[in-house]
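Please read the structure below before turning to the comments.
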């Protein structure tokens, strides 16, 4: 069964460092997302990506964050200068269909980011 | 703005019993979808069941069913014949069908199934 793959599963980084979280969405999916879950809290939307550009972003997704689909298969989230409060589980998701119609988002296993 | 409310932070159920996890929502969009995801202690998000706002019948997927009451704006998850492996966090989520399909999640309910 096709699945969304995220690497690494766990990343520890020093405050102020740049990190890149990687995702390989399901191959025929067109819509890609990043979500964040701070430990013990709810899952929060960060950004959606369609047709090689950001389609929507939340207020969490400030200038420190960027996304890219560099080669047609990978989908990356970059945090330029990490802060302690960026420590969270980051989920990549993809879905097949856009507006209207049933299409569940398939989630990756998550990357647990720890900023020290 | 879309909003999801899960009022039960924790629920307990005995193995083989049925349990209902509550979810209410708010949206001004007439077309939307409601989802339930399971998050075990390992952390991944597992899709369980979907209900579209125009679906006439309540969704069912194996032991999972969704009690959809549109007028009350509720979408409760019913798990029948609970198993020990059902112990996990359960998140209700909504997607408005306009825009780019982001999911808005509730705060979750932790379900513990006892032998």
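The values are calculated or read from the model by the stated rules, or taken from the named source; none is laboratory data. Just so it is clear, the model here is predicted, and its values are computed rather than measured. Because the Cβ atoms are built from the backbone with ideal geometry, glycine has one as well, and the counts that use them run over all protein chains shown.
Report those strands (runs of 3 or more DSSP E) wholly inside region B:8-115 carrying at least 2 residues which are more than 16 Å from the chain's Cα centre (by Cα).
Correct list: B:10-14, B:109-114.
Got a number for residues in region A:66-91 being under 19 Å from residue A:25 (Cα atoms), more than 14 Å from every other protein chain (Cβ to nearest Cβ) and touching a strand residue (DSSP E or B) at 6+ places or on another chain (Cβ under 9 Å)?
Here the count works out to 10.
Yes or no, residue by residue, for (1) within 12 Å of chain A (Cβ to nearest Cβ); (2) surrounded by fewer than 16 Cβ atoms within 10 Å (Cβ to Cβ); (3) over 24 Å from residue A:37 (Cα atoms):
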| site | (1), (2), (3) |
| --- | --- |
| B:2 | yes, no, no |
| B:9 | yes, yes, no |
| B:35 | yes, no, no |
| B:41 | no, yes, no |
| B:54 | yes, yes, yes |
| B:70 | no, yes, yes |
| B:75 | no, no, no |
| B:91 | yes, no, no |
| B:98 | yes, yes, yes |
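Could you pull out the residue among A:85, A:56, A:3 that is under 27 Å from residue B:90 (Cβ atoms) and in a loop (DSSP other than H, G, I, E, B)?
After applying the criteria, what remains is A:3.
Which one of A:103, A:94 is in a strand (DSSP E or B), within 11 Å of chain B (Cβ to nearest Cβ) and either under 13 Å from the mean Cα position of the chain (by Cα) or closer than 26 Å to residue B:49 by Cα (or both)?
Selected residue: A:94, the only one of A:103, A:94 that is in a strand (DSSP E or B), within 11 Å of chain B (Cβ to nearest Cβ) and either under 13 Å from the mean Cα position of the chain (by Cα) or closer than 26 Å to residue B:49 by Cα (or both).
Anything in region A:62-75 that is more than 17 Å from residue A:16 (Cα to Cα) and either in contact (Cβ under 8 Å) with a residue 12 or more places away in the chain or in a loop (DSSP other than H, G, I, E, B) (or both)? List them, or say none.
A:67, A:69, A:70, A:71, A:72, A:73, A:74, A:75
Would you point out which residue out of A:104, A:56, A:68, A:18 is under 16 Å from residue B:104 (Cα atoms) and surrounded by fewer than 17 Cβ atoms within 10 Å (Cβ to Cβ)?
A:56
Check off (1) modelled with pLDDT of 95 or more; (2) over 23 Å from residue B:108 (Cα atoms) for residue A:61 and give me the number that stays unchecked.
If we test residue A:61 against (1) modelled with pLDDT of 95 or more; (2) over 23 Å from residue B:108 (Cα atoms), just (2) comes out false.
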